[in-house]
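The values are calculated or read from the model by the stated rules, or taken from the named source; none is laboratory data. Since the model is a prediction, treat every value here as computed from it, not as a measurement. Positions of Cβ are generated from backbone atoms using ideal geometry, with glycine treated the same way; all protein chains shown enter the neighbour counts. Surface accessibility is based on the protein's heavy atoms, side chains included, excluding ligands, DNA and RNA. Shrake-Rupley method; radii C 1.70, N 1.55, O 1.52, S 1.80 Å.
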Amino acid sequence: MGILSEQALTALPSTEFDRWWHSPGEWVEPANQRRGGESGVRLLQHWDTNRPLLFCKRQSGHIYRSLRHPWGRPTILRELQAYRALARLGVRTPNIVYCAARKQSGQWQALLVTEALPGFISLEQWYSEPRAPLLNQVMLQRLAVTLARLHLGGWQHGCCYAKHLFVKVRGDGDVDIALLDLEKSRRRWRASSASRRDLGQLDRHRGAMPEADMRYLRQAYQHALSTPWGGLQP
C-alpha cells in the first residue's frame, strides 16, 4: 500500500472500505471488547493459491486517547504509524495491503489488512518442539538485534509477547525475525525505557521459553546495543 496522509486514510471511498469490511473469513482472534469498542482478526478467504494469505484486523470504537488526540483515534492508525517507522529502521513487519478508518454513525471503524508471513512461526510455536542448541542461539541473537534496533530507533513494541514475535529459519541456516501486533507501540526517547518495558513484558509472557534462554537473550541484547543500530544490516 502506498503511503497515504491521515486525511486520505479517513476519506477513502466507502465502497472499497465496505468491500474489505464485509470480506468473508474465519476469525483467528475473535472480536473482543476493550477500549470502549471491539477488535478482532480474521483470515480472509480467497481462491488464488498463488497469492499470500491475508489477515484483516477489524475494529469498531476501538480507540486510544492522547494529548494530540484527546477525543480518541483508532488504534489501527497508531499501528500503521509504527509499521512505517519500523520499515525505515529495517525491522521486518507484515506487508500492508489496505488500511483505513472512518466514522459511521459517530463511531470509528478501522481496518488493517496485511499479508501473512510465509514460513514464519511465532516464538510461542518455536518452543513447542526441540531445536538444535546452535540454531536456538542464532535465533536469540537475531531477536536481540531486532529488539535493539527497535529501541535504538526510539520505539517500544508495547505488547512484546512470545505470540507476537515471529521467527523463520532460512535455507542458509540463518534466522529472520518479524514483529506483529503493534497497536500498542509508542515512541520512547530513551532506549533504556523501551527495553525495560519490552524485555520485562517478554519475560512475563515468554510461554515455554526457558529462563536460561531469556537470560541469554538479555546478554545478547546488551551486546547488540553496543554496536550502532544493533549491528543489523538493512
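Structure data summary
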| read-out | value |
| --- | --- |
| Unmet requirement for Val138, which otherwise passes all of (1) free of Cβ contacts under 8 Å to residues at least 60 places away in the same chain; (2) part of a helix (DSSP H, G or I); (3) under 30 Å from His46 (Cα atoms) | (3) |
| Conditions (1) crowded, with 16+ Cβ neighbours inside 10 Å; (2) in contact with a Leu (Cβ under 8 Å, 6 or more places away or on another chain): number failed by Val41 | (2) |
| Extreme residue, surrounded by the fewest Cβ atoms within 10 Å (Cβ to Cβ), among residues of the range 170-190 that are within 16 Å of the chain's Cα centre (by Cα) and assigned to a loop (DSSP other than H, G, I, E, B) | Lys184 |
| Qualifying residue in the range 155-166 (condition: in contact with a Phe, Trp or Tyr (Cβ under 7 Å, 6 or more places away or on another chain), on the phi > 0 side of the Ramachandran plot and part of a loop (DSSP other than H, G, I, E, B)) | no |
| Failed item, numbered, when Phe17 is tested on (1) surrounded by 15 or more Cβ atoms within 10 Å (Cβ to Cβ); (2) within 16 Å of the chain's Cα centre (by Cα) | (2) |
| Test result for Asp176, in contact with a Cys (Cβ under 6 Å, 6 or more places away or on another chain) and either under 30 Å from Pro130 (Cβ atoms) or of a type outside the set (S, T, N, Q) (or both) | no |
| Members of the range 61-72 found to be modelled with pLDDT under 75 and either open to solvent by less than 100 Å² (accessible area, probe 1.4 Å) or under 17 Å from Arg102 (Cβ atoms) (or both), listed by number | Ser66, His69, Pro70 |
| Yes/no for Arg149 being in contact (Cβ under 8 Å) with a residue 12 or more places away in the chain, assigned to a helix (DSSP H, G or I) and either at positive phi or crowded, with 19+ Cβ neighbours inside 10 Å (or both) | yes |
| Residue tally, condition over 24 Å from Asp203 (Cα atoms), out of contact with any strand residue (DSSP E or B) (no Cβ under 6 Å at 6 or more places or on another chain) and either aliphatic (A, V, I, L, M) or in a helix (DSSP H, G or I) (or both), over the range 112-130 | 1 |
| Residue within the range 78-90 that is over 15 Å from the mean Cα position of the chain (by Cα), open to solvent by 60 Å² or more (accessible area, probe 1.4 Å) and under 28 Å from Gly207 (Cα atoms) present | no |
| Pair list, Cβ < 6 Å and 6+ apart or interchain, from the range 111-133 residues that are under 21 Å from Gly25 (Cα atoms) to residues that are of a type in the set (Ser, Thr, Tyr) | Val113/Tyr98 |
| Residue that is most open to solvent (accessible area, probe 1.4 Å), among those in the range 48-60 that are assigned to a loop (DSSP other than H, G, I, E, B) and in contact with a Pro (Cβ under 9 Å, 6 or more places away or on another chain) | Leu53 |
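For (1) under 30 Å from Arg68 (Cβ atoms); (2) open to solvent by less than 20 Å² (accessible area, probe 1.4 Å), each residue gets a yes or a no:
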position	(1), (2)
Arg142	no, no
His157	yes, yes
Tyr161	yes, no
Leu165	yes, yes
Lys168	no, no
Ser192	yes, no
Leu202	yes, yes
His205	yes, no
Ala208	no, no
